[in-house]
1. Taking the range 1-47, which residues are surrounded by 11 or more Cβ atoms within 10 Å (Cβ to Cβ) and β-branched (V, I, T)?
2. Could you check the range 46-75 and list, in sequence order, the residues that are of a type in the set (V, I, T) and either under 13 Å from the mean Cα position of the chain (by Cα) or more than 19 Å from I106 (Cβ to Cβ) (or both)?
3. Quick test for you: out of E16, E49, E57, pick the one residue that is in contact (Cβ under 8 Å) with a residue 60 or more places away in the chain and acidic (D, E).
4. Could you please find all residues in the range 1-45 being over 15 Å from the mean Cα position of the chain (by Cα), under 23 Å from R100 (Cα atoms) and at pLDDT below 90?
Amino acid sequence: MPGEQDANLRSGHLAEAIALDFLRPFAFIAPSPNPDDIGFDAVATLIREDGRRLFAEDSFLVQVKSRSFRAETYTGKQLDWIRELQLPFFFLRADLLVPRFELFSIANGSRHGGFKLLGNI
């Protein structure tokens with residue numbers, strides 16, 4: 001309905017934006033617009049400083065999750081998709097109540113036949 005929005009949806013969008021801003025001091029951020037979100041929320045590119053010049057270094061994919069995120073399971077086509085990515089994939093857990101942000105890599109788990117990513121790795 002025009003003129004209104006679900007509070008949970010707005011809260012999720014706000015947490016995602018703030019979490020991605022958390023990365024900005026050390027990475028350039030190219031967010032995926034919501035309609036184009038296919039499993040990652042942004043491409044982040046690490047920044048190397050040389051005096052006043054900023055240089056783009058390695059890039060990685062970021063999927064923002066809420067503070068309640070504990071695990072994600074990938075099997076079948078989902079696992080194939082993860083394995084075929086050309087960039088490293090990270091989860092960024094955002095807890096706006098504390099505030100706290102945690103960045104998790106899936107590099108070790110994605111080599112196995114089926115894996116479950118636990119949020120406390």
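The values are calculated or read from the model by the stated rules, or taken from the named source; none is laboratory data. Since the model is a prediction, treat every value here as computed from it, not as a measurement. Neighbour counts are summed over all protein chains in view; Cβ atoms, including those assigned to glycine, are modelled from backbone coordinates with ideal geometry.
1. Across the range 1-47, the qualifying residues are I18, I29, V43, T45, I47.
2. I47, V62, V64 - these are the residues of the range 46-75 that are of a type in the set (V, I, T) and either under 13 Å from the mean Cα position of the chain (by Cα) or more than 19 Å from I106 (Cβ to Cβ) (or both).
3. Values: E49 fails: in contact (Cβ under 8 Å) with a residue 60 or more places away in the chain; E57 fails: in contact (Cβ under 8 Å) with a residue 60 or more places away in the chain.
Within the list E16, E49, E57, the selection yields E16.
4. Passing the criteria: A7, N8, L9, R10, S11.
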